[in-house]
């Protein structure tokens, strides 16, 4: 008897990974990385009062750049 079982096309691993924002080469899209880290960054700024430190560092860098 011939094998008559039909094989359904299964999604490949790469397409499932691409659906969550990870490229087959192992890197994430930059926007996915930002979306992952932003909530934690906001939590740390609020929890430790780091907003003033961010402003201070940004102004120091701007001063070094001559702006």
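Some notes on this structure:
- Residue match in region 22-42 (condition: at pLDDT below 65 and not in a loop (DSSP other than H, G, I, E, B)): yes
- Options 53, 19, 9, 47: the member that is exposed (fewer than 10 other Cβ atoms within 10 Å of the Cβ), over 21 Å from the mean Cα position of the chain (by Cα) and at pLDDT below 85: 9
The values are calculated or read from the model by the stated rules, or taken from the named source; none is laboratory data. The model shown is predicted, which means the values in this text are computed figures rather than measured ones. Every residue, glycine among them, receives a Cβ derived from its backbone with ideal geometry; neighbour counts consider all protein chains shown.
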